[in-house]
Ligand code: CP
Ligand code: NVA
């Protein structure tokens, strides 16, 4: 693992940002360092250097968004570039027009594509057929921008990541949990997935990450955790399963009782948002001093600026 001044000076550049697993530990750490530099620059000088002047990002959304849409659009502006919002109705990715055709057309107009899709194959096809960098802004399979942000937030808030114990509660098989597990392996974070059978991660995914992972349906899995993480029980596209999911996951709510069960008075809480308050998390936790929810949401901006600066601006990974 590399941190601080121990980073090697030549790290291969990325062509796309599709999944955490395809990055090396060094590439992942370099993006974290770049995010920190860009955040500090913005905080200290009130602005970033316009390294993306004249560059345009097309943003395709098949699903709704607050954080991803606004943080990418504002991030492009902060770096001197421009972002173009394309709704699902307009593009009809995979319906009105195939992903390979959309990729080849957009590649003649813009310098990068960010896509939020249902079918993960669509982001892979955009990357395969286009000639500009593609960023996965969430698919049914993964949410790598969120995971980069989550690790950045823990690094910033907790200092040291190695050996930190994170317990993830709820739907341990969803896109956010998948990317978090992949990212944990890049930085030495230990993860306990605390989820009922049927909502636990694919054992093949657990086996392929370098993370120290335990999977349990027992709420005792939270004892001694430094950080708790949860996400909605019903992800976008799963609305028809809402009742069944809510029943299956009801015990795994992060509430005051669960916080007490960690036996850690300083335990902190993450949630990628949007929260379904009263389901996976209570107001009493989400709005408490231990909640990092809004720092985490705000860091989407800084983490994604690093991705943009590297992929569209050619800023090297060091
Ligand atoms: N966390 C996240 O991706 O939020 P949005 O769905 O609002 O973009
Ligand atoms: N798992 C959630 C994440 C939202 C950011 C979903 O896919 O809806």
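The values are calculated or read from the model by the stated rules, or taken from the named source; none is laboratory data. Here the structure is a predicted model, which means the values were calculated and not measured. Cβ: placed from backbone, ideal geometry, glycine included. Neighbour counts: every protein chain shown.
Counting only helices (runs of 4 or more DSSP H) wholly contained in the stretch 1-112, the ones carrying 3 or more residues that are within 16 Å of ligand 2 (Cβ to nearest atom) occupy 67-78. Note on the stretch 258-275: residues that are part of a loop (DSSP other than H, G, I, E, B), surrounded by 15 or more Cβ atoms within 10 Å (Cβ to Cβ) and within 16 Å of ligand 1 (Cβ to nearest atom) total 3. Within the stretch 158-178, the set of residues being more than 23 Å from residue 36 (Cα to Cα) and either in contact with a strand residue (DSSP E or B) (Cβ under 8 Å, 6 or more places away or on another chain) or more than 16 Å from ligand 1 (Cβ to nearest atom) (or both) comprises 167, 168, 169, 170, 172, 173, 177. Taking each residue of the stretch 288-305 that is within 11 Å of ligand 1 (Cβ to nearest atom) and looking for partners that are outside any helix (DSSP H, G or I) with beta-carbon atoms closer than 6 Å, six or more apart or interchain, yields 293/271; 296/270; 297/273. Given the condition farther than 29 Å from residue 16 by Cβ, away from ligand 1 (no atom under 15 Å from the Cβ) and in contact with a strand residue (DSSP E or B) (Cβ under 9 Å, 6 or more places away or on another chain), answer yes or no: does some residue in the stretch 149-157 qualify? Among the residues of the stretch 149-157, not one is farther than 29 Å from residue 16 by Cβ, away from ligand 1 (no atom under 15 Å from the Cβ) and in contact with a strand residue (DSSP E or B) (Cβ under 9 Å, 6 or more places away or on another chain), which makes the answer no.
Residue-wise test of (1) within 25 Å of residue 174 (Cα to Cα); (2) over 22 Å from the mean Cα position of the chain (by Cα); (3) at pLDDT below 95.
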{"position": "84", "(1), (2), (3)": "no, no, no"}
{"position": "89", "(1), (2), (3)": "no, yes, yes"}
{"position": "101", "(1), (2), (3)": "no, yes, no"}
{"position": "109", "(1), (2), (3)": "no, yes, no"}
{"position": "113", "(1), (2), (3)": "yes, no, no"}
{"position": "132", "(1), (2), (3)": "no, no, no"}
{"position": "135", "(1), (2), (3)": "yes, no, no"}
{"position": "150", "(1), (2), (3)": "yes, no, no"}
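In the condition set (1) under 23 Å from the mean Cα position of the chain (by Cα); (2) part of a helix (DSSP H, G or I); (3) within 30 Å of residue 269 (Cα to Cα), residue 124 is compliant with all but (3).
Of the set (1) out of contact with any strand residue (DSSP E or B) (no Cβ under 9 Å at 6 or more places or on another chain); (2) assigned to a helix (DSSP H, G or I); (3) over 17 Å from residue 231 (Cβ atoms), all apply to residue 289 but (2).
Residues of the stretch 211-229 that are under 18 Å from the mean Cα position of the chain (by Cα) and at pLDDT below 95: 211 alone. Mind counting the residues in the stretch 291-318 that are farther than 18 Å from residue 72 by Cα and touching a helix residue (DSSP H, G or I) at 6+ places or on another chain (Cβ under 7 Å)? Qualifying residue count, the stretch 291-318: 5. The residue list 100, 64 contains one member that is over 23 Å from residue 297 (Cβ atoms) and surrounded by fewer than 16 Cβ atoms within 10 Å (Cβ to Cβ), which is 100. When we screen 134, 123 for residues that are within 16 Å of ligand 1 (Cβ to nearest atom) and surrounded by 24 or more Cβ atoms within 10 Å (Cβ to Cβ), the only hit is 123. Kindly establish whether residue 255 is more than 16 Å from ligand 1 (Cβ to nearest atom) and at pLDDT 95 or above. For residue 255, the condition - more than 16 Å from ligand 1 (Cβ to nearest atom) and at pLDDT 95 or above - is met.
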